[in-house]
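Novice: Before I ask anything, let me first share the structure, which is written out below as structure tokens.
FYI, it's all coordinate maths here, none of it is from the lab. Predicted model only: the values in this text are computed from it and were never measured. Counting neighbours? That spans all protein chains shown, and the Cβs are built from the backbone with ideal geometry, glycine included.
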Ligand code: NAP
């Protein structure tokens, strides 16, 4: 609508020098990114605009679109957030692109990327800010530095992209990770990628896979739901990724239950965990933090986390 064009996309401010950013994914309509990034540009006085860039799921569409954007001199494309199903496509694109590409450390570690930066010399940089977003939100909630994760026992439920980010970041900082997934082969494959890799400390990463039925046999300091179970509009929005009985047995009493799902704010898992006295954390903080990191890479300005959180909360509530 005209109101959206003027208020959300700051249409009146767009000129010949406005740098263009966006969200590449499929679908992209309901993302918070438009409010977060355009609001951020406005607050710091940065001449940029952030728009939806829907790209159908196949790699060929992603490659054709991104190549066209990078090759077009008249279109000041300076970066993008990349979401499902293109996070791994971006890594492949960077491998195939014949120009210079700088690959961030978390991309190497995780095999997926969610951020594109294009500098004034058209140098392409890709990074995965999900992992820092996840680690920062977790450590702030637990009031520890990242070194404090070393030796912690973490159960990650899921084996998709979000689980991969969790496993990459946590195992790198020395946590012992167990992956539980509905499709056990996918869980095993994920664990194999990371188990035994050299972590930051120099010691090998410890990542194993277990079947969901085994949850509750051992106790964990942290439980992370990286499935879409409990997500509004998903296939199992009223569900819990592990049985309520199971997570009571499987968690240490002072343990943290962290649900990466952020709509709704209080998922069934968080509801049950809170009712049983566990510390809980929802996924919105990770979402905000990964966006703040992207914004800093594009603009050179550190966004104020509190302000960004307020914008995100106002959109979700
Ligand atoms: P994905 O790659 O599609 O993976 C989905 C995972 O969920 C798979 O492990 C899948 O298991 C599992 N799953 C789906 N439906 C299930 C069900 N009914 N019962 C049990 N397991 C089920 O998705 P993703 O990108 O990893 O995202 C997962 C969730 O994390 C989403 O809700 C997403 O919104 C959230 N997320 C949050 C953030 C954040 O910033 N907070 C960032 C990324 C993602 P199978 O392997 O058996 O299919």
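Novice: Could you put 258, 59 in order, starting from the residue whose Cβ has the fewest other Cβ atoms within 10 Å? Present the calculation step by step, with values, prior to reporting the outcome.
Specialist: Working: 258 28, 59 16.
Fewest to most other Cβ atoms nearby, the residues stand as 59, 258.
Novice: Right, here's the next one. Counting only helical runs of four or more DSSP H residues, what would the 222 nm mean residue ellipticity of the chain come to if each run contributes -39,500 (n - 2.57) and the total is spread over all its residues? Could the numbers behind the result be given before it?
Specialist: On the way: 12 runs with 127 residues, N = 317.
Taken over the chain, the calculation gives -12000 deg cm²/dmol.
Novice: While we're looking at this one, here's another question. Between the alpha-carbon centers of segment 7-52 and segment 117-170, tell me the distance in whole angstrom.
Specialist: The two parts, judged by their Cα centres, are 25 Å apart.
Novice: Taking only the alpha-carbon positions of segment 169-251 and ignoring solvent, what does the Debye formula give for the base-10 log of I(q)/I(0) at q = 0.20 Å⁻¹?
Specialist: Rounded to two decimals, the profile gives -0.97.
Novice: Let me ask something else. How many angstrom lie between the C-alpha centres of segment 96-112 and segment 243-317?
Specialist: 27
Novice: Using only alpha carbons, build the gyration tensor for segment 22-120 and give me the equivalent ellipsoid semi-axes, biggest first, whole Å. Present the calculation step by step, with values, prior to reporting the outcome.
Specialist: Numbers: eigenvalues 89, 50, 41 Å².
Semi-axes, largest first: 21, 16, 14 Å.
Novice: Related question: Mind sorting 173, 308 by how few other Cβ atoms lie within 10 Å of their own Cβ, fewest first? Mind dumping the intermediate values first?
Specialist: On the way: 173 21, 308 24.
Least to most surrounded, the residues fall as 173, 308.
Novice: Something else: Please find, in a Gaussian network model of the chain (springs between Cα atoms separated by less than 10 Å), the residue of 162, 296, 113 whose mean-square fluctuation is greatest.
Specialist: 296
Novice: Hey, can you rank 33-40, 87-94, 63-70 by average C-beta count inside 10 Å, highest first? Don't skip to the answer; put the middle values down first.
Specialist: On the way: 33-40: 22.5, 87-94: 20.4, 63-70: 16.4.
Ranked by mean Cβ neighbours within 10 Å, highest first: 33-40, 87-94, 63-70.
Novice: Which FRET efficiency value, to the nearest 0.05, do you get for residue 200 and residue 279 by plugging their Cβ-Cβ distance into 1/(1 + (r/R0)^6) with R0 = 25 Å?
Specialist: Details: r = 25 Å, r/R0 = 1.02.
Efficiency computed from Cβ-Cβ geometry: 0.45.
Novice: What percent antiparallel are the DSSP beta bridges of the chain, to the nearest 5? Write down the numbers at each step before the final one.
Specialist: On the way: 8 of 45 bridges.
Beta bridges within the chain, antiparallel portion: roughly 20 percent.
Novice: Using the basic label-point model (7 angstrom from Cα toward the beta carbon), what is the residue 214 to residue 68 distance in nanometres?
Specialist: It works out to 4.8 nm between the two label points.
Novice: In addition: How high is the FRET efficiency from residue 143 to residue 100, r the C-beta distance, R0 25 Å, rounded to 0.05?
Specialist: On the way: r = 41 Å, r/R0 = 1.64.
For residue 143 and residue 100, the calculated efficiency is 0.05.
Novice: Shifting gears a bit: Can you pull the one-decimal nm distance between simple spin-label points at residue 11 and residue 304, each 7 Å off the Cα toward Cβ?
Specialist: About 3.0 nm separates the two model spin labels.
Novice: On average, how much area does the Cα convex hull of the chain cover when viewed from any direction, in nm²? If you can, show how the numbers build up before the last one.
Specialist: On the way: hull surface 65.4 nm².
With the hull built on Cα positions only, its mean projection is 16.3 nm².
Novice: What ranking do 305, 116 get, fewest neighbouring Cβ atoms within 10 angstrom at the top? Don't jump to the answer; show the numbers that get you there.
Specialist: Numbers: 305 15, 116 28.
Arranged by neighbour count, lowest to highest, 305, 116 become 305, 116.
Novice: A follow-up question, please. Relative contact order of segment 1-56: what whole-number percent is it, with Cα pairs under 8 angstrom and at least 6 residues apart? Walk me through the numbers on the way to the answer.
Specialist: Values: 71 pairs, mean separation 26.1, N = 56.
Across segment 1-56, relative contact order equals 47 percent.
Novice: Using Cα pairs under 8 angstrom and six or more residues apart, how large is the relative contact order of segment 132-271, in percent?
Specialist: Values: 280 pairs, mean separation 30.6, N = 140.
So the answer I get is 22 percent.
Novice: Now for a separate question. With springs connecting C-alpha atoms under 10 Å apart, model the chain as a Gaussian network and identify which of 301, 288, 208 has the largest mean-square fluctuation.
Specialist: Of 301, 288, 208, the most mobile in the Gaussian network model is 301.
Novice: Return a whole-number percent for the relative contact order of the chain, with Cα pairs under 8 Å and 6 or more residues apart as the contact set. Please report the intermediate quantities before stating the final value.
Specialist: Details: 618 pairs, mean separation 42.6, N = 317.
That works out to 13 percent.
Novice: Quick check on packing: order 98-109, 125-136 by the mean number of other C-beta atoms within 10 Å, highest mean leading.
Specialist: Working: 98-109: 15.3, 125-136: 24.3.
Output ranking for 98-109, 125-136: 125-136, 98-109.
Novice: Indicate, rounded to the nearest 5 percent, the antiparallel portion of the DSSP beta bridges found entirely in segment 16-151.
Specialist: Values: 7 of 22 bridges.
The antiparallel fraction comes to roughly 30 percent.
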